[in-house]
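Report on the following structure.
Each value in this text was obtained by applying a stated rule to the coordinates, not by laboratory testing. Everything numeric in this text was worked out from a predicted model, so none of it was measured. Glycine gets a Cβ as well: all are built from the backbone with ideal geometry, and neighbour counts include every protein chain shown.
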Amino acid sequence: MVIAVDGPAASGKGTLARRLAAHYGLPALDTGLLYRMVARALLDASQPIDDPVAAAAMASRFDEAGFGEDVLRGREIGEAASVVAAFPGVRSALIERQRRFAAQEGGAVLDGRDIGTVICPDAPVKLFVTATPEVRAARRHRELAGRGEVATFAGILADIRRRDARDSGRSDAPLKAAADAVILDTSALTVEEAVAAAIDIVDRRRRV
Ligand code: CDP
């Protein structure tokens, strides 16, 4: 069973994807990390992140094993990832490794922006996880504070709005719910409530 989990920044999709994977015994891929790796690799090589040719070249040759998750989760890398993710050459260079992951025997859980629309359009279960920008900013604020990154709530809210606009407005694989995705708004839900709701959605879909 392939479970596609999409949604905007800090919507809770990563947590839900990990929890669904544990619940159903499936491997999980956080595809945002791939875009973050491309951005990190460009910055490490002192290359510009706004050059589509350099970014596409990096996307086809970077080594996934070369990065600890800690260096990828920072605020500025999320921003840089959304810049490189808008380049079609970067997206196409990353498609195959995502599809290979999804094609594993038994299935997989993938989370991102375009899993249900582009990477796995035939996934039997698609979730689109949302929350208000304010709730997402509060979550990201807590997450970054936990990592020791100092940032204001207002600054993070501005980041989230800018990233939403960039991710939704790009022409290649924009952030949007697949026609057959179930929308899960986690604004008013605790993590445990959101996990229970997501499991319920998956179980219902599997019964159809
Ligand atoms: O955790 P957060 O939602 O902040 O970020 P992420 O999921 O790691 O994604 C970082 C950036 O990568 C996003 O803003 C998107 O621009 C891009 N991305 C994408 O375009 N397609 C995906 N499947 C996953 C991420």
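Calculated from DSSP H runs of 4 or more alone, at -39500 (n - 2.57) each and per residue, what is the 222 nm mean residue ellipticity of the chain, nearest 500?
Working: 9 runs with 110 residues, N = 208.
The helix-only estimate for the chain comes to -16500 deg cm²/dmol at 222 nm.
Sort out for me the Cα centre separation of the range 127-155 from the range 100-125, rounded to whole Å.
26 Å
Mind listing which trypsin sites (Lys or Arg not before Pro) in the range 21-126 are in a DSSP loop and have 14 or fewer other Cβ atoms within 10 Å?
Numbers: sites: Arg36, Arg40, Arg61, Arg73, Arg75, Arg91, Arg97, Arg99, Arg100, Arg113, Lys126; in loops: Arg61, Arg73, Arg113.
Hits after loop and neighbour filter: Arg61.
At a Förster radius of 30 Å, what calculated FRET efficiency corresponds to the Cβ-Cβ distance of Glu69 and Ser171, to the nearest 0.05? Mind showing how you got there, number by number?
Working: r = 30 Å, r/R0 = 1.00.
It comes to 0.50.
For the range 1-108, run through the GluC sites (Glu not before Pro) and keep only the ones in DSSP coil with at most 13 other Cβ atoms within 10 Å of their Cβ. Let's see the in-between values first.
Values: sites: Glu64, Glu69, Glu76, Glu79, Glu96, Glu105; in loops: Glu105.
Passing sites in the range 1-108 are Glu105.
What's the FRET efficiency of Asp50 with Arg18 using the Cβ-Cβ distance as r and R₀ = 22 Å, to the nearest 0.05?
Working: r = 31 Å, r/R0 = 1.43.
That gives a FRET efficiency of 0.10.
Assuming R0 = 35 Å, what is the FRET efficiency of Thr152 and Ser187, from their Cβ-Cβ distance, to the nearest 0.05?
Details: r = 21 Å, r/R0 = 0.61.
Efficiency computed from Cβ-Cβ geometry: 0.95.
Using the Kirkwood radius over Cα pairs, work out the Stokes-Einstein diffusion coefficient for the range 53-116 at 10 °C and 1.306 mPa s, in µm²/s as a whole number.
It diffuses with D of about 120 µm²/s by this estimate.
Could you give the radius of gyration (one decimal) and Dmax (whole number) of the Cα atoms in the chain, in Å?
16.3, 51
Could you work out the per residue convex hull volume over the alpha carbons of the range 1-97, in cubic angstrom?
Working: hull volume 10.1 nm³, N = 97.
In the range 1-97, the Cα hull volume divided by residue count equals 104 Å³.
For the peptides 17-27, 141-151, what is the packing order when you average, over each peptide's residues, the other Cβ atoms within 10 Å and list the highest mean first? Walk me through the intermediate numbers first.
Working: 17-27: 17.4, 141-151: 12.5.
For the peptides 17-27, 141-151, the packing ranking is 17-27, 141-151.
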